[in-house]
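Everything on this sheet refers to the single structure shown next.
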Amino acid sequence: MLEYVFFQRALVAAVVVGLLCGLLGFFVVLRRLAFVGVGISHSAVGGVAIGLLAGWNPAATAAVFAVLVALGMFWVGRDRRLGEDAVIGVFFSAAMALGLVLLSTRHGFQQDLFAYLFGSVLAISGAELAGLCVLSLVLGAIVVAVFRELLFIAFDEEVARAYGRPVDAINALLLVILAIAVVAGIRVVGVLLIEALLVVPAATAALWTLDFRRQVAISMGLGAGSGVLGLVASYSFNITAGGSIVMVAVTFFSLSLLLRRRA
Amino acid sequence: MDAVTFEKVRVELDRRTVLDDISFRVRQGAFLGVIGPNGAGKTTLLRVMLGLAPIVGGSVEVLGRAPGRHGADAHVIGYVPQRETVARTFPASVADVVMMGRLCCMGRIRILRRHDWDEVHRGLELVGIEHLAARPIGRLSGGEARRALLAQALCSGTRLLVLDEPTVGLDLPSELEFYNLLRRLQHELDLTVICVSHDLLALAGQASELICINRVMHVHGDPQHVVHSHALREAYSCEFDFLAGEIAHHDRAGGSV
């Protein structure tokens, strides 16, 4: 299977997305942003629909749209009258509804929509892959640069604020990065399952160690490893790539849960 | 020279006045205890000093500047927030948590250098837990965790230390130990200390002066004066009879309050 260019590209894409989501997933799990991840990924449907209808690149419109939705969630989420989960619920269902309504106005777009819902990593082009790699490198570098700030905010937002850390800006930055990464990852496992790559490897890592360096390393390793094993399984058993990647990740999680039972 | 000046300060939260007409000065090197019943606005008072709560009237100056205007020098004010526990699963070591307090001392490009780790270990030494540097922060006892947070609040530039109920949840020996440490650091590092507690007894024995608030200022003076003042009765209202008995008891037991 390694002789096929499409498979080589898919492997690289899955590894890159696995590494990026593993890194971001550390903060998703630490800061309890799992539902934010669901909200952002599902809202991308709205952006995809706009792109498909307008004839623009759906990945680009989805990224812009997801960033706007993420910032909207952040902005409205600061209203203390509402719980953050309620705000996310409103935003992502609204964005998804918009996408479905837009798509229902024209026939023949369901096929494209399916590619985004379930991923289509085996169809990724060389140019797309190059873009994905550069984007992931940039996003990863930004996260590493503000890593300790993010850790401080996760530990105690109030103290971070008292010491003049730009807490709101960094929180917004994290959401923007998350939105872009989610849209990038949709190509590999799809809207419906990208959340798994954000949460499952990082949650698995949290079962193994209380050292953030090791957690990040394990999470990124599992993200990439699940990508490789999932794609191999997908090829060998002729099953969908996105689903099998996530199944591999969940298997690691389940095994860890068994091996690391609470004392 | 005054470390902190409040002049007729008024604070509203959700259109409700939580602090009104608060005026006091804290000279440098003092240990000010802030007491008052639950819901009196003690934490809000600290948040005003830290620039975390806006004032709607009056003026505040902290170390010569308006609160929250210390820019890159934000850590001249150390802050130990009210915190009963640290999440047991937080994935960072004690040294990593203390390092967080140094982020603002590092300038724009934050590459951790040997010097930064040296400073972290110096801070851990100051509070007497350098042997716990590599321990996950969630795996400390209550007293040890409080010391770690104290080390986080201190760095080479810290001049003013602000603590919110720092001993809540500690047993009496740990509480006394913590206050002894605090007073030793105050002298060694030449700090001004402002400490909030609802526990009048604990603070009266430690602070060089006390203020008592309950939305408004009730009294400001040395502990002896405050503890025996009528104003305290007003601030604590019905709780006071209970307190008065306790203080009398404490006086006899401790000998000097």
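Numbers at a glance
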{"quantity": "Karplus (6.51, -1.76, 1.60) ³J(HN,Hα), θ = phi - 60°, over region A:242-250, in Hz, Gly and Pro reported as x", "calculated": "x, x, 6, 4, 5, 4, 4, 4, 5"}
{"quantity": "Sorted by Cβ neighbour density within 10 Å, fewest at the top, the residues B:His220, B:His187, B:His198", "calculated": "B:His187, B:His198, B:His220"}
{"quantity": "Length gained when the stretch A:Val134-A:Val90 is fully extended (0.36 nm per residue, less Cα-Cα span)", "calculated": "12.6 nm"}
{"quantity": "Positive-end residue, region A:5-259 charge dipole about Cα centroid, Cβ charges, pick of A:Ala241, A:Gly225, A:Leu117", "calculated": "A:Gly225"}
{"quantity": "Karplus-derived 3J(HN,Hα), 6.51/-1.76/1.60, for each residue of region B:193-202, Hz, glycine and proline x", "calculated": "10, 10, 10, 9, 7, 7, 8, 4, 4, 4"}
{"quantity": "Over chain A: helical MRE at 222 nm, DSSP H runs n ≥ 4 each giving -39500 (n - 2.57), nearest 500", "calculated": "-27500 deg cm²/dmol"}
{"quantity": "Computed E for A:Arg31/B:Glu188 - FRET, C-beta separation, R0 30 angstrom, nearest 0.05", "calculated": "0.25"}
{"quantity": "For B:Asp21, distant residues with modelled amide H under 5 Å away", "calculated": "B:Val9, B:Arg10"}
{"quantity": "Charge dipole (region A:1-132, unit charges on Cβ, about Cα centre) - positive-most of A:Phe91, A:Leu102, A:Phe7", "calculated": "A:Phe91"}
{"quantity": "Neighbour-count order for B:His75, B:His225, B:His131, fewest beta carbons within 10 angstrom listed first", "calculated": "B:His131, B:His225, B:His75"}
{"quantity": "Cα-centred dipole magnitude for region A:5-259, charges only on beta-carbon of K, R (+1) and D, E (-1), debye, nearest 20", "calculated": "120 debye"}
{"quantity": "Shielding of B:205-212 by partner chains, average beta-carbon count, 10 Å", "calculated": "0"}
{"quantity": "Normalised contact order of region A:5-259, rounded percent, pairs of Cα under 8 Å and 6 or more residues apart", "calculated": "34 percent"}
{"quantity": "Long-range amide H partners of B:Gly51 with built H, under 5 Å", "calculated": "B:Gly68"}
{"quantity": "3J(HN,Hα) from dihedral phi, region B:163-179, Karplus parametrisation 6.51/-1.76/1.60, rounded to Hz, x for glycine, proline", "calculated": "10, 10, 6, x, 10, 4, x, 8, 6, 4, x, 5, 5, 4, 4, 5, 5"}
{"quantity": "Sequence-distant residues sharing a close amide H with B:Tyr79 (under 5 Å, placed H)", "calculated": "B:Val162"}
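Since every read-out is calculated from the coordinates, none of them should be taken as a lab result. If you're wondering where the values come from, they're calculated on a predicted model, not measured in any experiment. All Cβ positions, even for glycine, are placed from backbone atoms using ideal geometry, and neighbour counts span all protein chains on display.
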